[in-house]
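Please read the structure below before turning to the comments.
The values are calculated or read from the model by the stated rules, or taken from the named source; none is laboratory data. These numbers come from a predicted model, not from an experiment. Every residue, glycine among them, receives a Cβ derived from its backbone with ideal geometry; neighbour counts consider all protein chains shown.
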Amino acid sequence: MRTRERWTAVAVAATLAAATPMCAQASFGATPVRTVEATRTPPPPSARTSALTAVARASADRLALADLVAAAKYGTGEPISDPARERAVLDDVAERSAARGLDRHLTTAVFRDQIEASKDVQRGLFARWARNPSERPTRRPDLVEEVRPRLDRITVRLLDGLASVGQPRARLSCVPRLMAGAVREAGEHRFDGLHTRALFRALPSVC
């Protein structure tokens, strides 16, 4: 089975096994937004498995912020896709890769997957809010002042995690270890099916 097919299969299984159909990061109705950085301090990776876990954790934290991005855009007419912004992010991580000894093609592939996964969540939330007006966000976050600084901090964590994993990315054990970390993080974040599928969409390029 090819790598992406394996990720898809595990994502489906994890979605079906999800016990709580709710993303804890979302701000629907009167539900307060949970601050990822304030509640989750990532431990320094000390081994290959913990490094892969750190990658899965950073990816999940980044994906949780897609709810805020969606809330900032919903009802404004602003498109979900922003090619100029996406290119700036990819160029930035490619430039930062050299200082960490990372292959820029790897990092851009990983972050391209992160971006696509985030857009999947935003599209899913737009559709959900259109169907269920009572679930629409009650405030509009500021993308520039509130959301992007948090995304930038997670970018650093994700790059550092990739650097810590190093060459073991190419080993056969990389995929199952990263999958296990993703399943654990989906549970920790209380991701619903939409967010769980997106998390598994965000990670295949890592291994």
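Among the candidates V165, V147, V156, V121, single out the residue that is crowded, with 22+ Cβ neighbours inside 10 Å, in contact with a helix residue (DSSP H, G or I) (Cβ under 9 Å, 6 or more places away or on another chain) and within 21 Å of D92 (Cα to Cα). Break it down stepwise before answering.
Working: V147 fails: crowded, with 22+ Cβ neighbours inside 10 Å; V156 fails: crowded, with 22+ Cβ neighbours inside 10 Å; V121 fails: within 21 Å of D92 (Cα to Cα).
Within the list V165, V147, V156, V121, the selection yields V165.
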> When both residues are 6+ apart or on different chains and their Cβ atoms are under 7 Å apart, which pairs have a first residue that lies in the range 53-71 and is farther than 13 Å from E116 by Cα, and a second that is outside any helix (DSSP H, G or I) and among the charged types (D, E, K, R)?
Replying inline: D61/R40; A71/R140
>> Being in a loop (DSSP other than H, G, I, E, B) and modelled with pLDDT under 95 is the filter here; which residues of the range 172-207 pass it?
In response: L172, S173, C207
>> Quick test of your reading of the structure: S97 fulfils all but one of (1) out of contact with any Lys or Arg (no Cβ under 7 Å at 6 or more places or on another chain); (2) hydroxyl-bearing (S, T, Y); (3) surrounded by 12 or more Cβ atoms within 10 Å (Cβ to Cβ). Name the failing condition by number.
In response: (1)
> Consider E116 against the criteria (1) under 16 Å from R201 (Cβ atoms); (2) buried (at least 16 other Cβ atoms within 10 Å of the Cβ): it satisfies all of them except one. Which criterion is unmet?
Replying inline: (2)
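Name every residue in the range 75-132 that is among the basic types (K, R), under 19 Å from L162 (Cα atoms) and without any contact (Cβ under 8 Å) to a residue 24 or more places away in the chain, in order of residue number.
First, the residues of the range 75-132 that are among the basic types (K, R): 85, 87, 96, 100, 104, 112, 119, 123, 128, 131.
Going one step further and asking which of them are under 19 Å from L162 (Cα atoms), we end up with 96, 100, 104, 112.
Of everything in the range 75-132, just one residue is among the basic types (K, R), under 19 Å from L162 (Cα atoms) and without any contact (Cβ under 8 Å) to a residue 24 or more places away in the chain, namely R104.
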>> Testing D61 on (1) over 16 Å from the mean Cα position of the chain (by Cα); (2) part of a helix (DSSP H, G or I); (3) acidic (D, E), one condition comes back false. Which one is that?
In response: (1)
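So is R62 at pLDDT 95 or above, within 30 Å of D103 (Cβ to Cβ), crowded, with 17+ Cβ neighbours inside 10 Å and not aliphatic (A, V, I, L, M) or not?
Criteria met by R62.
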> Quick one: how many residues across the range 124-134 are over 17 Å from E78 (Cα atoms) and surrounded by 15 or more Cβ atoms within 10 Å (Cβ to Cβ)?
Replying inline: 1
> Can we say R190 is at positive phi and in contact (Cβ under 8 Å) with a residue 60 or more places away in the chain?
Replying inline: yes
